[in-house]
Amino acid sequence: MSHVVIVGAGQAGLVAAETLRAGGFEGAISLLGDEPDGPYHRPPLSKAWLAGEIDAAQLTMRAPGILAKKGISLRTATAVRAIDRAARVVRLADGSALEYTGLVLATGATPRALPLPGARSPNVLALRSRDDATAIAARLALCAEQARPLVVIGGGFIGMEVAATARKKGVDVTVLEAAPRLMARALPPVLSDWYATLHRRHGVEVVLGAGVAGIDVEDGLAVAVRTADGARRRCGLVLVGVGVVQNDALAREAGLACDRGIIVDDCCRTEDPAITAAGDCTARRLADGTLLRLESVNNANEQGKSAATALLGTPRPFTGAPWFWSDQYDCKLQMAGLSAGADQTVVRGSTDTPPFSVFHFRAGRLVAADTINAPREHLLVRKLLDAGLSPTPQQAADTAFDLNSLLAAPPPR
Amino acid sequence: MTRIVFVEPSGREAAVEVPDGWSLMQGATAGGVDGIVAECGGSCACATCHCYVEEARLGELPPPGEAELAMLENVAAPRQPNSRLSCQVKASSALEGLRVVLPDRQE
């Protein structure tokens, strides 16, 4: 009997499981997760969940019993030890084994650890799982009670979202970022600067070019973070957000090609026809040979679908414009496309008064846009990118130019 | 708990008890209702939880906010006067028995 085993019960794993069923797969589906909970929404963890605005059940993607009804066997707290590709068997940590006819790897990523003394203290935390976020929320409450600051190491999306939530809770916040600007991997300089100003206006101390030298520990708890310039900042909680490491060890040990992620094509296939991979654990080989690693819900959803359909023999390339969002204070950033490789950037509107957008061009063609509080423009740009349409940089910069007109009457191509 | 009747794209009706304060989207996706993608999980960032609310009872719902209106302009299925994003509509006893029709596509 056919049996698809899905390793990883996060967003990508769940979508793969449901896509298999929706696609007419009638065999058994096992969805294995190593966390105590079934699939849940991670994006609210740094925001609504941390702020205490929603309850645990609202994070849950499917109520208990729903997956069983669909014939999906969810096994939580189940770790996989090895994949035997020759025998088509997944070996579990409890010593048992599962035979598969198809295997989806959706193993996610793990926060990069800080190689510093003191970084293992119980109030030095990274945010990935619901348990992580629960521990952070408890520490934040203590910070508020005892007037102790939060020190965020790493000015990426997670760090900045947690900083914004902590300010909402009245906690003093310092962000230490090693690079000269915030969220530098994803944002253009104009937006990095804009966000630094936004956070400073909300009372966050943003320190750029900061080298973290050490964490001082007293009675087992981190009490201060020292930087290379000799400064020492008191803390009640240290949030470490310095990127992730793709969970590709299982695949690598099984002999699949990996390079900081399981290498897949745009249909999520590995070199083993029985194995596909999806989500944060992947590195997608693009047409030009480079590898693309996207850590986002959109990527998990799209690759989850592709990983399932590839096993069903109906490959579905995920080539649509990737998108991403981040909520900080009352500002919603929405990103469409990939701005890496852009050679021209124009601002539509004024950075002084949102909404505004930043359009990215390569050789005169639109490749991406980042919008602040401009959801109409975000969705429009996704449509333009997916249709292969582009405004000129001059049109993009001109708020009087109606971008919708490009969709209405596409020029001959 | 408020009983909401979702009409899936297939025409199948699914009655879901949605806890008060939850969004209709949360109730539907947790309850395994087909026809809502809700890619962003309820952040009003993706416009893939589009629904049509029973027209006669439209007035019983708090009106959409600016962000929802903006996202509704770009939903995949046709936008109608009773179009809403189900992640922005919270369940309350006033909505008991509300019928919510889900479009045949969200993306």
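Among the residues making up segment B:58-92, those that are in a helix (DSSP H, G or I), more than 13 Å from the chain's Cα centre (by Cα) and either at pLDDT 95 or above or within 29 Å of A:Glu302 (Cβ to Cβ) (or both) are B:Glu66, B:Ala67, B:Leu69, B:Ala70, B:Met71. When the criteria are applied in full, A:Gly341 fails the requirement of being at positive phi, more than 12 Å from chain B (Cβ to nearest Cβ) and either modelled with pLDDT of 95 or more or outside any loop (DSSP other than H, G, I, E, B) (or both). Tallying residues that are among the aliphatic types (A, V, I, L, M) and more than 8 Å from chain A (Cβ to nearest Cβ) within segment B:41-58 yields 3. Residue pairs whose Cβ atoms lie under 7 Å apart, separated by 6 or more positions or on different chains, with the first residue in segment A:376-393 and within 14 Å of chain B (Cβ to nearest Cβ) and surrounded by fewer than 21 Cβ atoms within 10 Å (Cβ to Cβ) and the second assigned to a loop (DSSP other than H, G, I, E, B) and acidic (Asp, Glu), are A:Arg376/B:Glu73. In this structure, B:Asp20 does not satisfy being within 13 Å of chain A (Cβ to nearest Cβ), within 18 Å of A:Leu14 (Cβ to Cβ), surrounded by fewer than 21 Cβ atoms within 10 Å (Cβ to Cβ) and of a type in the set (D, E, K, R).
The one condition from (1) more than 12 Å from B:Val101 (Cα to Cα); (2) within 13 Å of the chain's Cα centre (by Cα); (3) modelled with pLDDT of 95 or more that B:Thr48 does not meet is (3). The residues in segment A:92-107 that are touching a Lys or Arg at 6+ places or on another chain (Cβ under 8 Å) and among the small types (Gly, Ala, Ser) can be counted, and the count is 2.
Condition (residue is out of contact with any Leu (no Cβ under 8 Å at 6 or more places or on another chain), assigned to a helix (DSSP H, G or I) and either surrounded by 16 or more Cβ atoms within 10 Å (Cβ to Cβ) or away from chain B (no Cβ under 14 Å) (or both)) applied to segment A:263-278: is it met by at least one residue? No, segment A:263-278 has no match at all.
Among what's in segment B:80-107 and is basic (Lys, Arg) and buried (at least 16 other Cβ atoms within 10 Å of the Cβ), pick the residue that is nearest to B:Ala45 (Cα to Cα). If we take residues in segment B:80-107 being basic (Lys, Arg) and buried (at least 16 other Cβ atoms within 10 Å of the Cβ), then B:Arg84 is nearest to B:Ala45 (Cα to Cα). A Cβ distance below 9 Å, combined with a sequence gap of six or more or placement on separate chains, defines the contacts here; from segment B:67-84, residues that are farther than 11 Å from B:Pro103 by Cβ and facing chain A (nearest Cβ under 9 Å) reach residues that are part of a helix (DSSP H, G or I) and among the acidic types (Asp, Glu) in the pairs B:Ala70/A:Glu377. One residue stands out among those in segment B:23-52 that are part of a strand (DSSP E or B) and in contact with a helix residue (DSSP H, G or I) (Cβ under 8 Å, 6 or more places away or on another chain): the one that is surrounded by the most Cβ atoms within 10 Å (Cβ to Cβ), which is B:His50. Residues that are buried (at least 18 other Cβ atoms within 10 Å of the Cβ) and part of a strand (DSSP E or B) within segment A:208-220 comprise A:Val212, A:Ile215, listed in sequence order. So in segment A:294-325, with the set limited to residues that are assigned to a loop (DSSP other than H, G, I, E, B) and under 18 Å from A:Gly13 (Cβ atoms), which one is farthest from the other protein chains (Cβ to nearest Cβ)? In this case the residue turns out to be A:Leu312. Yes or no: segment A:298-312 includes at least one residue that is surrounded by fewer than 22 Cβ atoms within 10 Å (Cβ to Cβ) and either touching a strand residue (DSSP E or B) at 6+ places or on another chain (Cβ under 8 Å) or under 23 Å from A:Trp194 (Cα atoms) (or both). Looking for residues that are surrounded by fewer than 22 Cβ atoms within 10 Å (Cβ to Cβ) and either touching a strand residue (DSSP E or B) at 6+ places or on another chain (Cβ under 8 Å) or under 23 Å from A:Trp194 (Cα atoms) (or both), one finds none in segment A:298-312, hence no.
In segment A:262-275, the residues that are not assigned by TED's automatic domain parsing to the domain that holds A:Ala300 never reach a residue that is in a strand (DSSP E or B) with C-beta atoms less than 8 angstrom apart, at least six apart or across chains. Identification of strands (runs of 3 or more DSSP E) wholly contained in segment A:79-151 with 3 or more residues that are hydrophobic (A, V, I, L, M, F, W, C) yields A:80-84, A:89-92, A:102-105.
Any chance segment A:155-171 includes a residue that's modelled with pLDDT of 95 or more, in contact with a strand residue (DSSP E or B) (Cβ under 8 Å, 6 or more places away or on another chain) and more than 26 Å from A:Leu59 (Cα to Cα)? The answer is no; no qualifying residue exists. Within segment A:19-72, the set of residues being part of a helix (DSSP H, G or I) and either out of contact with any Leu (no Cβ under 9 Å at 6 or more places or on another chain) or at the interface with another protein chain (Cβ under 9 Å from one of its Cβ atoms) (or both) comprises A:Arg21, A:Ala22, A:Pro43, A:Pro44, A:Ala56, A:Ala57, A:Gln58, A:Leu59, A:Ile66, A:Leu67, A:Lys69.
The values are calculated or read from the model by the stated rules, or taken from the named source; none is laboratory data. No experiment lies behind these values; they were computed from the predicted model shown. Cβ coordinates were reconstructed from backbone atoms using ideal geometry, including for glycine residues, and neighbour counts include every protein chain displayed.
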